[in-house]
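The structure appears below as structure tokens.
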Amino acid sequence: MKNLFLEHFEQYNKRHCLFTAQDKILLTVSGGVDSMVMLSLFVEGGYNVGVAHCNFSLRGAESDEDEATVKREAEKYGIPFYNKRFDTEAEMEKSGESMEMAARRLRYEWFDTLCQEEGYTVIAVAHHTDDSIETFFINLLRGTGLRGLTGITRQRDNIIRPLLFAERKEILEYAVARKIPFREDSSNRSKKYLRNKIRLGLIPMIREINNRFTSIMRGNIYRLTDAQRFIEASMKKIKAEAIEQQNGCYRIHIERIDKDFPLEFVIYECLNSEFGFKGDIVDDLCKSLKAGISGKRFYAQRHVACIDRGDIVVAPIEEDDSCQTFVDRHQLRSYCGNSVLYYEHTDIDNISDYNTPAEVAYIDEDKLEYPLTLRRWQNGDTFIPFGMCGRKKVSDYLIDRKVSVVEKSRQFVLVSGGEIVWLVGRRIDDRFSITNRTENVLKIVKHTL
């Protein structure tokens, strides 16, 4: 019987030159249906492959069973199997990253090491069309601009995604028809993750409106990708003319940008692609530029920008920089180090659960003086931790909780009227907590990038 799915797989990868018969390909296999089907396709196609499996030790026995399933399949095919167990939670505590970011960094560092040690030339990841569409909506909701709306790329450096031609449904049907074993990750059913909310909630509703949703979105993403490629080629020329580097700093000469170009868009492309500035930060900077306001500082994760004599100057953030920014009453989010804070104004009657995680703060808004100040903590800072009566030094509080040196350097405080409102991501100040007299609430959610 002719294997049409394998033919589509090989045609797609040949058309986009993702790998050749001479490549030694490292397959990243989790045990889920996507990666197990990818393994089967590469083996049936006769390619030179090995299997890498990461056990992040986050789901107990489930994680161990995933590992065993992948190992059995690799042994059945007689191909090299590499496995690594990570203490992901310890790494999160050490680095201050979110679970997703820590796991991603750990696995790709290991994949790179395997490539160097074992001679693999290509790393294959089993993302498919549905993953790319979900990424489109995640980035749409986060306001990442056109680049974020191009979904998942087919290839970046030595990382390839050879299943982007297929839908999740097609992959599952193929696995069942070919009796390919796979594991179901129980976390995929949890709606506490944004991707799952989109996958299980938003997309099914859109499909009810238009059952051709997937093919339409695939076409949209292709066209957006072409548009982004055109923009990048154009921006390369603009950057060469408008950006000047000197002593580790960058100056964007506004007068060198063609007046017929949309200035704010060009500034966004310069600041976002080169230095990681987010859309709303660039919007604020452009407002200051238009108003002729100099001196105000705008922060990305690793860089700071300011307006100087009508130009934009960008420099790396110095270690002793307080990264101080101001938060007005109408602001939706702000950035602090490797995190973003989201602000929501609500009524006390809308709060149903006060037992929030450390990343969420409920503040009595009527006690606040705007604008608030967001900055790195400083020696001498004190606050009254929630549930306590007396003041405590921030430094002592962090020591008591055995916060690492790296985390301390990333610790921010939110300040109102000279008093700390929230030791961000850890503890609010008792004076700003919700009481039985509270009417208006500021809800703040910290999200690690």
message = Kirkwood hydrodynamic radius, computed over distinct alpha-carbon pairs, for segment 1-117: how many Å, to one decimal?
response = 15.6 Å
request  = Treat segment 102-183 as a sphere of radius equal to its Kirkwood radius over Cα pairs and apply Stokes-Einstein at 4 °C in a medium of 1.567 mPa s; give the translational diffusion coefficient in µm²/s, rounded to a whole number.
outcome  = 88 µm²/s
remark   = On each of the three principal axes the extent of the alpha-carbon atoms of segment 283-340, given in whole Å and largest first, is 29, 28, 14
task = Let me know the charge dipole size of the chain about its Cα centre in debye, to the nearest 20, where only the beta-carbon of Lys, Arg (+1) and Asp, Glu (-1) is charged.
result = 560 debye
message = Need one number: nm distance between label points at Glu117 and Asp226, each 7 Å from Cα along Cα→Cβ, rounded to one decimal.
response = 4.5 nm
ask   = Using the alpha-carbon atoms, what tilt in degrees (0 to 90, nearest 10) does helix 99-118 show relative to the longest principal axis of the chain?
value = 50 degrees
key: Greater than 26 Å apart at Cα, pairs in Lys24/Lys71; Lys236/Lys446; Lys197/Lys443; Lys259/Lys290; Lys237/Lys259   = Lys236/Lys446
query = Using the Cα atoms as the points, what is the convex hull volume per residue of segment 325-448 in Å³?
reply = 105 Å³
ask   = Over segment 292-348, what is the relative contact order in whole percent, taking alpha-carbon pairs under 8 Å and six or more residues apart?
value = 26 percent
remark   = Two pseudo-spin positions, 7 Å from Cα along C-beta at Val360 and at Arg85, lie apart in nanometres by 3.3 nm
ask   = Based on DSSP, what percent of beta bridges with both residues in segment 4-220 are antiparallel, to the nearest 5?
value = 10 percent
query = Taking the Cβ of Glu439 as the center, what net charge do the other residues with Cβ under 10 Å away carry, scoring Lys and Arg +1 and Asp and Glu -1?
reply = -4
request  = Could you work out the relative contact order of the chain, using alpha carbon pairs under 8 angstrom and six or more residues apart, expressed as a whole percent?
outcome  = 12 percent
note = Quick shape summary for the chain, equivalent ellipsoid via Cα gyration tensor, semi-axes whole Å in descending order, reads 42, 29, 22
request  = Classify segment 4-220 as rounded, prolate or oblate from the Cα gyration tensor: take a ≥ b ≥ c as the square roots of its eigenvalues, call it rounded if a/c is under 1.5, otherwise prolate when a/b beats b/c and oblate if not.
outcome  = rounded
ask   = What is segment 325-436's relative contact order, in percent, from Cα pairs under 8 angstrom and six or more apart in sequence?
value = 30 percent
inquiry  = If I build a Gaussian network model for the chain, linking alpha-carbon pairs within less than 10 angstrom, which residue out of Gln378, Gln22, Gln301 has the largest mean-square fluctuation?
reply    = Gln22
request  = Pop out the ³J(HN,Hα) list for segment 318-334 in order, Karplus 6.51 cos²θ - 1.76 cosθ + 1.60 with θ = phi - 60°, rounded to Hz; leave Gly and Pro as x.
outcome  = 6, 4, 8, 6, 6, 6, 6, 9, 10, 10, 8, 5, 9, 6, 9, 7, 8
request  = Provide the net charge surrounding Gly119, with neighbours chosen by a C-beta distance below 14 Å and charges set as Lys +1, Arg +1, Asp -1, Glu -1.
outcome  = -3
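The numbers here are math on the coordinates, done by the rules we state, and not lab data. Only a predicted model underlies this, so the values are computations on that prediction, with no experimental measurement involved. All Cβ positions, even for glycine, are placed from backbone atoms using ideal geometry, and neighbour counts span all protein chains on display.
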